[in-house]
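Below: one structure, written as structure tokens.
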Number of protein chains: 4
Amino acid sequence: MMGLDDFKDVALKYKVIFFDAYGVLKNYKGMLPGVKEMFHFLQENNIAFYILTNDASRSPELLAKSYIDAGIVEVNENKIISSGMLAREYIQNKVQRGRIAYLGTEASAHYIENEGLNTISIKDVDLENYIDISALVLLDDEGFDWNVDLIKALNLIRKKPIPVIVANTDGTYPVTRKDVAISVGAVGDMLEALARKTFIRFGKPDSQMFSFAFDYCAKEHDVTKKDILMVGDSLITDIIGGNKFGIDTCLVLTGNVQPDSYELMIRSYGIIPDYICESIVL
Amino acid sequence: MMGLDDFKDVALKYKVIFFDAYGVLKNYKGMLPGVKEMFHFLQENNIAFYILTNDASRSPELLAKSYIDAGIVEVNENKIISSGMLAREYIQNKVQRGRIAYLGTEASAHYIENEGLNTISIKDVDLENYIDISALVLLDDEGFDWNVDLIKALNLIRKKPIPVIVANTDGTYPVTRKDVAISVGAVGDMLEALARKTFIRFGKPDSQMFSFAFDYCAKEHDVTKKDILMVGDSLITDIIGGNKFGIDTCLVLTGNVQPDSYELMIRSYGIIPDYICESIVL
Amino acid sequence: MMGLDDFKDVALKYKVIFFDAYGVLKNYKGMLPGVKEMFHFLQENNIAFYILTNDASRSPELLAKSYIDAGIVEVNENKIISSGMLAREYIQNKVQRGRIAYLGTEASAHYIENEGLNTISIKDVDLENYIDISALVLLDDEGFDWNVDLIKALNLIRKKPIPVIVANTDGTYPVTRKDVAISVGAVGDMLEALARKTFIRFGKPDSQMFSFAFDYCAKEHDVTKKDILMVGDSLITDIIGGNKFGIDTCLVLTGNVQPDSYELMIRSYGIIPDYICESIVL
Amino acid sequence: MMGLDDFKDVALKYKVIFFDAYGVLKNYKGMLPGVKEMFHFLQENNIAFYILTNDASRSPELLAKSYIDAGIVEVNENKIISSGMLAREYIQNKVQRGRIAYLGTEASAHYIENEGLNTISIKDVDLENYIDISALVLLDDEGFDWNVDLIKALNLIRKKPIPVIVANTDGTYPVTRKDVAISVGAVGDMLEALARKTFIRFGKPDSQMFSFAFDYCAKEHDVTKKDILMVGDSLITDIIGGNKFGIDTCLVLTGNVQPDSYELMIRSYGIIPDYICESIVL
């Protein structure tokens, strides 16, 4: 009833393609088959692309490196748009003073390091001396002690009314074919409920991620929303986010949604992609 | 501890001001005192403004009329940015065929009337013949029978996987000093939970509303986010939405948040405006 | 993997059986095939039974009548345990004075009529004179104007801190093979969210319904929890409720859960019945 | 407007009193002033009592010890009713085979140790060999590595459809005058959302806790619901739970609800106690 489309035919209709990374271009084992050829094809046909990822654990440079290491020369740090970049823009626009506490690794903290602002890992925060802490940013699920430091983070925001920024909206991420890990987005949901505060979240499906990517892309390309396609494996982040932002969307069946259940899932959620492709293989 | 600012001093720091309407410029009795003088002051000082409203029940023309009727000559339909305009943009970008069913008055349906597309009030939908219905849009809490037509809307979306767009994210709106009415946003929440679908919502605090206003404003003015101030009476729509979008925010105490409890509410929600003014009176 | 059991074999292991009504004994067309024979079999084998229903729209007498009219002589009003009976018990224990406002038909109001207490339909409440109203009870989705009277109910509870009792926890109920209606439970969820209050709910899966039935049953029969089986068609009301209360549970596939998807649903919810039977047919 | 009652006068109206522990009888510093005298007064006046606590981290014996150590001779293990006891009853009634995995300390595991059943800490579970695990019980926030073992628990329940029991419904518990810790109830909420399962929860305000206490009490005393008073410091657990169960309730202002804001909180939640006392001091 819902037929499958050929990715090559779909891609040729657009000037710019936004890709989700995990489940579309890569998985827990590394790059998916055909990714290299696909990017080459886009290049040959003058189709620009960006990779939109709910990942604030590593810098765009590091995120790009995994593609470059796999011999995909078309990807570089300027092609990566991560939710961490939105957190950084927020900090730049809205946090003018003080120290910024964070949950995450030191590597993730690069997103919030900014002229005139100091950052401090939550594990180094002293709850007797938190007067100059001006924001809390959740960046990564690693780099801290979950029990001790989540409790510390909770008590910090109970005592001091500071903005809390969650730079990753996902609940889990896959680590093997069958197993997942808990992402810092889920940790943020728990802390928000316990503190009864309203946190600020960045990442798909929120339209600010798409808007950021569109503005970023519009600096280099003369495009309207009708020229852009979002390709993703998740109905509830990639597809609904792209739909709501007003760009066309393409579901691929190499990640969250399986080939044997895509019709059921589309009907069940009521989230309808413009195209469905088995994969990005040409 | 949190001091009050003078609105005149605050306004003079910005090139553009976004205003919420209800609780800031008007209330159930009509225009608030000082609004006329304030708009005149902005004009004299070359400060541009837009009114951002979660209202899809009436066209920008009709929304502007209430200001014009009150002798405020600076307001016209081009100054109004309503959540209904985002619903219209969505329809234009993403719904290419079929009939669009809607909950609301005929007046509200103007937002979704589009070349080549027919609209149909949910009350005229025949549940035996819905094959060509391609979307459902929730526009206004009036214009239909709540019992009969909400059930009809629920059964429609249970049977057919179509996008459901909610063009008003508010739960209630004030009708007298003490009483509220239930807005179509709350009706949308109920239907979404019962249908177990994911609806598409437009309106503050969602960043797409601010992004739409920013792009709209950028066509006429050469501005960055740092040049814009959001003025609102609601922490959970105006202030958090403006904060997250990265513009400065100003809470006024003439609506949702009372002068005797603003500190408590700011602490309790953890949503912190850049400025707090008693009102927009100069 | 999860094999089907024979209902006769299962039933013979217990002294008392609790039945859900809709989807187990009846559906929108009337009694299901085999119900009459099944009740006769229980009688012959000295197995007691009760019918537990989330229905406060009609009295036990009226609820029993549909069985009697179908020639099922074993059912009478003493076999019916409805969520309305818990609302009545609450009123008797906790509301000693004033008038009790209700949403529902006059027939449903019988549950809350009590010596010394007056009841008043929400449609007759005067919002200028509500001083003696001491509780609001949601009984049925019929008997009032959804738009006018839901707004009136919302404003009443915003103004006066009274307990709100919801005597039906279901969101929808089936009216034909494909269509549902919105039950007063969903209306209660909407009002509770808008009023930011905490309502009091009665009905499966809440354990108070099972506890009430157990106490009711223990007056006539010498039983422990191990002697009782709950038979239902819904994992999220009948089965989880029975499991949590500590009695054995049997899922039948004649209502909410279909024969072709029961394994998927059991795995997906993580709610595991002790037995699964195609139907209550012997 | 809402006057304060004298605890002595209130207590004398009842045959049995149910006490919450934390915020009523004790706090982070130990026993509250007057508790010893109050229990002595109850004894003299033949008023029975039970302590109802959402605590599955320690056995009733250990929980009673803190009272005995403070010289309160009236308290012993038979006076303690903990949410862990309900988890134990559930296991006894519903889990007949296999190993029961748990999150918590070894001390907390005593609640689920049962003839013929083995228990295993989640930290010792091997995700390659989980075939005989028949349930997961969340008992305490200590005794495991939050990062490693919560992920393990999540993957276990994603793979195997087993019941998950949460023996503590609280989100946080106080550890000093200003600081809280995250309880295993909040951990349960996070895991339940990530796994998209429905967990089984025991503890106030759920009526099963009150029903269990009532049955327990009815073995020793000839009482009806009208003879029992629930005394607690939390509107959303003690008071609403008692109200819904149909017993009278008394809010004390020595814990969650402060003397300067009780009226506001009662109005704001819409949860109304029958009595309000400053404390249990006579």
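The values are calculated or read from the model by the stated rules, or taken from the named source; none is laboratory data. Please read all numbers here as calculations on a predicted model, not as lab measurements. All Cβ positions, glycine included, derive from the backbone under ideal geometry; neighbour counts span all protein chains shown.
Numbers for the structure displayed
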quantity	calculated
Selection from region A:230-265 of residues that are out of contact with any helix residue (DSSP H, G or I) (no Cβ under 7 Å at 6 or more places or on another chain), within 10 Å of chain B (Cβ to nearest Cβ) and in contact (Cβ under 8 Å) with a residue 40 or more places away in the chain	A:Asp248, A:Glu263
Single match in D:Asp145, D:Asp141 (criterion: at the interface with chain A (Cβ under 9 Å from one of its Cβ atoms) and within 23 Å of A:Lys178 (Cβ to Cβ))	D:Asp145
Residue under evaluation D:Thr198, criteria (1) outside any helix (DSSP H, G or I); (2) under 26 Å from D:Ala153 (Cβ atoms); (3) more than 12 Å from chain C (Cβ to nearest Cβ), criterion not met	(3)
Wholly within region C:201-282, helices (runs of 4 or more DSSP H) carrying at least 3 residues that are more than 19 Å from the chain's Cα centre (by Cα) and on the phi < 0 side of the Ramachandran plot	C:262-269
Qualifying residue in region C:173-191 (condition: under 23 Å from D:Ser268 (Cβ atoms) and either within 9 Å of chain D (Cβ to nearest Cβ) or among the small types (Gly, Ala, Ser) (or both))	yes
Residues located in region A:152-162, provided they are surrounded by fewer than 20 Cβ atoms within 10 Å (Cβ to Cβ) and either at the interface with chain D (Cβ under 9 Å from one of its Cβ atoms) or part of a strand (DSSP E or B) (or both)	A:Arg158, A:Lys159
Single match in A:Gly116, A:Gly171 (criterion: over 30 Å from D:Leu127 (Cα atoms) and free of Cβ contacts under 8 Å to residues at least 40 places away in the same chain)	A:Gly116
Leading residue by the ranking (farthest from the other protein chains (Cβ to nearest Cβ)) among those in region D:266-282 that are touching a residue at least 24 places away in the same chain (Cβ under 8 Å) and among the charged types (D, E, K, R)	D:Glu278
Output for region B:207-229, where each listed residue is away from chain A (no Cβ under 12 Å) and not charged (D, E, K, R)	B:Tyr216, B:Cys217, B:His221, B:Val223, B:Leu229
Breaking point among (1) part of a loop (DSSP other than H, G, I, E, B); (2) free of Cβ contacts under 8 Å to residues at least 60 places away in the same chain; (3) among the polar types (S, T, N, Q); (4) within 13 Å of chain B (Cβ to nearest Cβ), for C:Asn129	(4)
Within region C:102-121, tally of residues that are within 14 Å of another protein chain (Cβ to nearest Cβ) and surrounded by 17 or more Cβ atoms within 10 Å (Cβ to Cβ)	3
Region B:14-53, residues that are under 30 Å from B:Glu106 (Cα atoms), at pLDDT 95 or above and in contact with a Lys or Arg (Cβ under 8 Å, 6 or more places away or on another chain)	B:Asp20, B:Leu32, B:Phe49, B:Tyr50, B:Ile51, B:Leu52
Subset of region D:163-172 that is facing another protein chain (nearest Cβ under 7 Å) and touching a Phe, Trp or Tyr at 6+ places or on another chain (Cβ under 9 Å) - its residue that is nearest to C:Ile272 (Cα to Cα)	D:Pro163
Filter result for the condition that a residue is β-branched (Val, Ile, Thr), within 19 Å of A:Pro205 (Cα to Cα) and assigned by TED's automatic domain parsing to the domain that holds B:Gly84, over B:Ile200, B:Ile182	B:Ile200
Selection within region B:192-211 - farther than 19 Å from B:Leu136 by Cβ and hydroxyl-bearing (Ser, Thr, Tyr)	B:Ser207, B:Ser211
Residues satisfying the stated conditions in region B:164-206, i.e. among the aliphatic types (A, V, I, L, M) and more than 26 Å from B:Phe245 (Cα to Cα)	B:Val175, B:Val180, B:Ala181, B:Ile182, B:Val187, B:Met190, B:Leu191, B:Ala193, B:Leu194, B:Ala195
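So that you can scan it fast, the table gives a plain yes or no per residue for (1) assigned to a helix (DSSP H, G or I); (2) among the polar types (S, T, N, Q); (3) over 14 Å from D:Arg58 (Cα atoms):
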| residue | (1), (2), (3) |
| --- | --- |
| D:Val75 | no, no, yes |
| D:Glu89 | yes, no, yes |
| D:Arg97 | no, no, yes |
| D:Ile100 | no, no, yes |
| D:Thr105 | no, yes, no |
| D:Tyr111 | yes, no, no |
| D:Ile120 | no, no, yes |
| D:Lys123 | yes, no, yes |
